[in-house]
Amino acid sequence: MYNQHGSLRRRSSSGRHERHKDLRSTADAQGTDLEERDILLIRTGAVARLQDPGAEWDPLNEPGLRFSEELVWWLYEMDIPMIGPDNLAVEKVNQEIDGTEYVIPLHGVTLRDLGVYLNEILWLDDLAASCATDGIYEVLYTAAPLHMERATGAPINSLVLKAH
């Protein structure tokens, strides 16, 4: 579970790029070891912001991961199988890399090159509150896809089991 403030009760600010070091520092603050083959669940507050009539919401400017070679190599070396955020695109939609503007640059690298599954728009607020209450940030995440032939993507039914 992740939020750049190290607290799962806060929302990331709109337009924020989350960096590789933010993932690691949040895990450290939570006392969680990131291990090979871990599934990353990333809470930015995007879904809650969408549902809040008083909150500013801009889907193209929602917080998300920032492309970097350091992040890509870390995902590769850690053999991360899936990233599951509560935002629309896992990453900040529009990003500038070496002076060129890109739209969702991590998608190509994660899906095509690394084989990382992306499961977006997860409701993580209740899980975040539970984790913040008891200090247990490690969970079993499982998901069953719809049975669809010749599909490259399909909705999945996520389930999280947590020790108490």
Charge dipole magnitude, Cβ of K and R +1, D and E -1 - segment 17-161, Cα centre, debye nearest 20: 300
Amide H within-cut-off set for Leu65, under 5 Å, with H built and near neighbours excluded: Glu18, Glu91, Lys92
Those residues of segment 135-149 whose amide nitrogen sits under 20 Å from the label point placed on Asp33, 7 Å along Cα→Cβ: 135-141
Per-residue HN-Hα couplings for segment 69-77 [Karplus 6.51, -1.76, 1.60; θ = phi - 60°; Hz; x = Gly/Pro]: 4, 4, 5, 4, 5, 5, 4, 5, 5
Segments 81-90, 127-136, 56-65 sorted - mean Cβ within 10 Å per residue, highest first: 81-90, 56-65, 127-136
Ranked by how many other beta carbons lie within 10 Å on average, peptides 146-152, 116-122 from highest: 116-122, 146-152
Furthest towards positive pole of dipole, Trp74, Asn157, Thr44, structure part segment 17-161, Cβ charges: Asn157
His164-Met78 pseudo-label distance in nm [points 7 Å out on the Cα-to-Cβ vector]: 2.9
Whether the chain is rounded, prolate or oblate, judged on the alpha carbon gyration tensor where a/c under 1.5 counts as rounded: rounded
Using θ = phi - 60° and Karplus 6.51 cos²θ - 1.76 cosθ + 1.60, couplings along segment 144-150 (whole Hz; Gly, Pro as x): 10, x, 5, 7, 9, 7, 6
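Just so you know, all these numbers are worked out from the coordinates, no wet-lab data involved. Just so we're clear, the structure is a prediction, and the values are computed from it rather than from any experiment. Neighbour counts run over all protein chains shown; Cβ positions are idealised from the backbone, glycine included.
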